[in-house]
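First the structure, in the form of structure tokens, and then the observations on it.
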Amino acid sequence: MCIFFCSFTLQIFTFKHLQFLSFLLCLQFFVGGNWKCNGTKDSISKLVSDLNSAKLEADVDVVVAPPFVYLDQVKNSLTDRIEISAQNSWIGKGGAFTGEISVEQLKDTGCNWVILGHSERRHVIGEDDQFIGKKAAYALSQGLKVIACIGELLQEREAGKTFDVCFQQMKAFADAVPSWDDVVVAYEPVWAIGTGKVATPQQAQEVHIAVRDWLKKNVSAEVASKTRIIYGGILFLLQFAEW
């Protein structure tokens, strides 16, 4: 039911440079669960009960993203230790936009975060980079934190365009957002979603390092050093079983 954004801490098993490892350990860890279009009142009650009884480390930010219709249920029953995210939000203030959810409404339900730019929104719904960047800017301006998703299609990876695609998606966020203080970047290769293919630590690590370097060159060294970059999905590690 849950697809977890796995913290950047998963990378540390293969890093060769202790200096970079020390840098990572200075950042607050992050793990989140995107429930997508799954769940019922009963199944979500069971899941929330399990989360409430879980032992959570103090140095980890934990976020869950239920479907819109269950936000109130989860917020009213989940421990305050775990923050609530929406899976999407509208580009501006609410109004005559059938089927959309405004940032103001999300805040009213107690949401702290919103996932924007997820591959399913990009490649199934058809949202483009600039539209997603503007949504992120509006959400941040209204006090929501943003999980900014990036990632390449299989044909793009096979064509050697992984970095080009991710950098283009990052640029759309950078051109729009006023600050990166409340942004977590989630890299999830689209070719590893529901295909049976699993990214290796090396593949995730390469993109994470490249994205951080892109931030340093195109935004600032400070933003590059402070922004958390996580992996979205299942990462193939002997130390971790598939969720």
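The values are calculated or read from the model by the stated rules, or taken from the named source; none is laboratory data. Given the structure is predicted, the values throughout are model-derived calculations rather than measurements. FYI the Cβ positions are ideal-geometry reconstructions off the backbone, even for glycines, and counts take in every protein chain you see. Remember, those area values only see protein heavy atoms, side chains included, never the ligands or the DNA or RNA. Shrake-Rupley method; radii C 1.70, N 1.55, O 1.52, S 1.80 Å.
A count restricted to the stretch 144-165 and to residues that are out of contact with any helix residue (DSSP H, G or I) (no Cβ under 6 Å at 6 or more places or on another chain), part of a helix (DSSP H, G or I) and within 15 Å of residue 132 (Cα to Cα) stands at 0. Within this structure, residue 185 passes the test of being in contact with a Cys (Cβ under 9 Å, 6 or more places away or on another chain) and closer than 25 Å to residue 27 by Cα.
When the stretch 62-86 is limited to residues that are in contact (Cβ under 8 Å) with a residue 12 or more places away in the chain, open to solvent by 40 Å² or more (accessible area, probe 1.4 Å) and not aromatic (Phe, Trp, Tyr), the one that is nearest to residue 142 (Cα to Cα) turns out to be 83.
Screening 24, 18 for residues that are surrounded by 15 or more Cβ atoms within 10 Å (Cβ to Cβ) and at pLDDT below 95 leaves exactly one candidate, 24. Filtered by the rule that a residue be at pLDDT 95 or above and of a type in the set (A, V, I, L, M, F, W, C), the stretch 186-229 gives 186, 207, 209, 210, 211, 214, 215, 219, 221, 223, 224, 229. Filter the stretch 186-233 down to the residues that are open to solvent by 30 Å² or more (accessible area, probe 1.4 Å) and assigned to a loop (DSSP other than H, G, I, E, B) and list them by number. Those that are open to solvent by 30 Å² or more (accessible area, probe 1.4 Å) and assigned to a loop (DSSP other than H, G, I, E, B): 193, 194, 195, 196, 197, 198, 200, 219, 220. Among the residues of the stretch 166-181, those identified as open to solvent by less than 40 Å² (accessible area, probe 1.4 Å), assigned to a helix (DSSP H, G or I) and touching a Gly at 6+ places or on another chain (Cβ under 9 Å) are 166, 169, 172, 173, 174, 176. Among the residues making up the stretch 134-143, those that are open to solvent by 40 Å² or more (accessible area, probe 1.4 Å) and part of a helix (DSSP H, G or I) are 134, 138, 141. Does residue 153 satisfy the criteria of being surrounded by fewer than 19 Cβ atoms within 10 Å (Cβ to Cβ) and free of Cβ contacts under 8 Å to residues at least 40 places away in the same chain? Criteria met by residue 153. Can you tell me which residues in the stretch 27-42 are over 14 Å from residue 147 (Cβ atoms) and surrounded by 13 or more Cβ atoms within 10 Å (Cβ to Cβ)? Within the stretch 27-42, 27, 29, 38, 39 meet the criteria.
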